[in-house]
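Quick notes on the structure that follows.
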Amino acid sequence: MKTCLHTLATLVLTLATMLCAVPTHAEDGYDLWLRYHLLAPEQAKLYRDHATEIIIGSATPTQIVTRDELQRGLHGLLGNTLPLSDTVTHDGAIIVGTSASSPLIAKLQLDTQSIGNEGYVIRSVVLDGHTATAIVGRSDIGALYGAFHFLRLLQTGQPIDHLDLHESPRITLRVLDHWDYLNGQVERGYAGTSIWDWWKLPDWRAPRYTDYARANASIGINGTVLNDVVSGATILTPVYLEKVAALADVFRPYGIRVYLSVRFSAPIEIGGLKTADPLDPQVQAWWRAKADEIYKLIPDFGGFLVKADSEGQPGPKDYHRTHADGANMFADVLAPHGGVVMWRTFVYSQASADDRAKQAYEEFKPLDGQFHANVLLQTKNGPIDFQPREPFHPLFGAMPKTPLMMEFEITKEYLGFATHLVYLGPLYEEVLSSDTMVRGKGSTVAKVIDGSLEGHTLSGMAGDANIGTDRNWCGSDFNQANWYVFGRLAWNPTLSSRTIAEEWVRMTFTNNEAFVKPVVDMMMGSREAAVDYMTPLGLLHLMGPGHHYGPAPWDASESEADWRPVYYHRADHLGIGFDRTSNGSNAVAQYAPPIAAQFNDVKQTPERFLLYFHHVPWDYRMRSGQTLWYELVAHYTRGVDDVKQMQETWRHLDGYIDEERYQQVAAFLAIQEKEAQWWRDACIAYFQSISGLPLPPGYAPPQRSLKYYESLSFPYVPGFSSW
Ligand code: GCV
């Protein structure tokens, strides 16, 4: 009888565990990583003693959302609603807030000097004779961030009984840039239309705005630029500013400030002036009045993002002024209100280009020291344009007197749109950990942008968002990881992308080790796979013209030379690659001398950047001993094989997660495989037509003719139209 009962109990426990591990209902991905599903019973049991009641300091809007998030999270994870309390009545209280707002926290006398205004301490304490967990910030926002961290510990199955965590962000401005238009289109958006329902704002504040704010706050994002950098001046009109103010109200409790992209020529377009010259007193007065109007509506408005003198956008050069003249005009009108200017360095003019890669440096480096204190120069991670792989931008480290802000692209404009599984963590990490050598070894890009290398207090990281109206926000479940890793690295750019991937997998899917490990491995290899099947060995910008979908290495149809793939790969019958050495465009000279020397020497250049810096013969001997042609074919082939391997991995994971998300990932991997094959075959067919070389033995020929690949056209690619 005893054995029978024992067997029955084991059966019930196993069944319960299975039910918790494998959701019985379909999921649509809406909850992102804030998916507070019931933990396995044995895990929940461990936590329950440390989560018995919630005590907040005062009922400020931020403390209320903090309390609500804790209640919601703990209810979901542990299955019971935690009572709210004012005093510690028994063991296991969670006390959250600041010492200014909570006498209980004040009593603890925790040292919060080092955590800054947005940091927090999470400490296991004894208070009034009871064990408790204190989540303490110097501001309400710090405490909110701490609460999200505490929930993450439970979501990822970590112990919470002896906590002593101190965290603070290393970067001041952690911002999402939305490339959203007022008509709902999203430039380079692959997840539906804009989540901002401008038409119904300010009266209808969709619940989704709050969920957006929760998701961002959970990873420390504290700013959002609502509109595209090229979206026109209408956003600055009173009708739209009211709508912007409504969004700012929703985001405020979550510590998220609103910013706007502004059009340089707005004083002409909506102000009735004849000029937008930044040194014209009337223009300055117009912007000053506009800034005052905005701050009246939105007292914590963050500031302006500006794309000027770039890709046809108006800017100070129209008036023979410099970028510094332009940026400083905005800086001066924002400074009295505490706002900043994020001035983009993504500039190139086709007229003067001998090498597009050099232009931002050439225009901005001489201006170092001329920008006012509240200007940041927002610089893309690489010198070209968010390619699957580029070396780090030479401006990082080159302007010691100016805060340089990182711009990463989260939306996968050049990396397979929504359907390719490409985790961008390794790309971001590769750039952030690159050594600029400007102040000797260890002068990493991360230290440039967090301000520590040159002692800047203002610092920033922006990510071009991949968010839209799709139910799963990002067009695919795995794309959510790219939003997540961006936020986590903006908080701390030295974190490892693997660690972040693991956190995300556990929170988004399951803690089951049999699932976590292979999925993290798959994510970590996914970016290299995409580089291999799209643009290996330092190639870049081989995508279809304008829309950037699929391969078109043959394309020379674009109006501007440096929008054409042929401009970038420069393949001819002798060899391939862009000579940026001292014999070529000399772009290498923009790097610090030790790096320049390395990139200038074909033998020292890492092979992943080979064709970015060098034009080399097809029979050039690679480190493997094989020819360049052989390696090129091998990389393209490996990329496809890697995707097949990802599919295989995923096939083994059926049953670990809900069917709905499982099936969509499987279907998208099939699309990725098809497109990876297309990329490989089209590129090999084209490069073979140039090199005239036979395929290396053992490598399959392209499935279709070059003519076929060249004939493909795609008039309705998402994320791109003639605007
Ligand atoms: C917002 C690339 C993209 C454009 C984008 C531009 C930029 O050129 O293709 O869509 O425009 O970068 O970052 O300004």
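The values are calculated or read from the model by the stated rules, or taken from the named source; none is laboratory data. Just so you know, these numbers come straight off a predicted model, no measurement behind them. Cβ sites come from the backbone with ideal geometry, for glycine too, and all protein chains shown count toward neighbours. For accessibility, only protein heavy atoms count, side chains too; no ligands or nucleic acids. Shrake-Rupley method; radii C 1.70, N 1.55, O 1.52, S 1.80 Å.
Packing order of peptides 555-565, 117-127, highest average first: 117-127, 555-565 (average count of other Cβ atoms within 10 Å over each peptide's residues).
Packing, as the average of other Cβ atoms within 10 Å across residues, places the peptides 462-475, 197-210 in the order 462-475, 197-210, highest first. For segment 173-500, DSSP calls about 5 percent of its internal beta bridges antiparallel.
Taking the Cβ-Cβ separation of Ser557 and Asn117 as r and a Förster radius of 60 Å, what is the calculated FRET efficiency to the nearest 0.05? It comes out at approximately 0.70. The stretch between Ala285 and Ala670, if pulled fully straight at 0.36 nm per residue, gains 132.9 nm over its current Cα-Cα span. Quarter the surface of the alpha carbon convex hull of segment 173-500 and you get the mean projected area, 15.6 square nanometres.
If you plug the beta carbon distance of Tyr30 and Thr499 into 1/(1 + (r/R0)^6) with R0 = 22 Å, you get a FRET efficiency near 0.30. Averaged per residue, segment 36-167 has 41 square angstrom of accessible surface, using a 1.4 angstrom probe with ligands and nucleic acids left out. Normalised by the number of residues in the chain, the average gap of Cα pairs under 8 Å and 6 or more apart makes the relative contact order 12 percent.
R0 = 22 Å: FRET efficiency of Arg621 with Ser689, Cβ-based, nearest 0.05? So, using R0 = 22 Å, E works out to roughly 0.40. A simple spin-label model places the labels of Thr193 and Asp300 3.0 nm from each other, with each point 7 Å out along Cα-to-Cβ. Each Lys and Arg adds +1 at its Cβ and each Asp and Glu adds -1 at its Cβ; summed about the Cα centre, segment 36-167 shows a dipole of about 140 debye.
Using the Stokes-Einstein relation with a Kirkwood hydrodynamic radius computed over Cα pairs, the translational diffusion coefficient of the chain at 10 °C and a viscosity of 1.306 mPa s comes to 59 µm²/s.
Sorting Leu297, Leu236 by solvent-accessible area of protein heavy atoms yields Leu297, Leu236, largest first, with a 1.4 Å probe.
Where both bridge residues fall in the chain, DSSP classifies roughly 30% of the beta bridges as antiparallel.
Within the full protein context, the accessible area of Ser713 is estimated at about 90 Å² for a probe radius of 1.4 Å. The gain in end-to-end length when the Leu153 to Ala100 segment is fully stretched comes to 16.5 nm, 0.36 nm per residue minus the alpha carbon separation. Panel note: the C-alpha atoms of segment 36-167, placed on their principal axes, show extents of 38, 28, 26 Å (largest first). Here Ile64 sits with roughly 50 square angstrom of accessible surface, probe radius 1.4 Å. Between Thr87 and Asp164, residue separation times 0.36 nm minus the direct Cα-Cα distance comes to 25.5 nm. Scanning the chain for DSSP H helices at least 30 Å long along the axis (C-alpha atoms) with a Kyte-Doolittle mean no lower than 0.0 picks out 513-534. Spatial offset of segment 502-526 relative to segment 220-270 amounts to 36 Å, using the alpha carbon center of each. Using a simple spin-label model with pseudo-atoms 7 Å out from Cα toward Cβ, Leu38 and Asp368 lie 6.0 nm apart.
Averaged over residues, the count of other Cβ atoms within 10 Å places the peptides 99-111, 512-524 in the sequence 512-524, 99-111, highest first. About the centre of its Cα atoms, the chain shows a dipole size close to 500 debye [charges on the beta carbon of Lys, Arg (+1) and Asp, Glu (-1) only; nearest 20 debye].
When the Kirkwood radius is taken over all Cα pairs of segment 258-356, what Stokes-Einstein diffusion coefficient follows at 4 °C and 1.567 mPa s, in µm²/s? It comes out at roughly 93 µm²/s.
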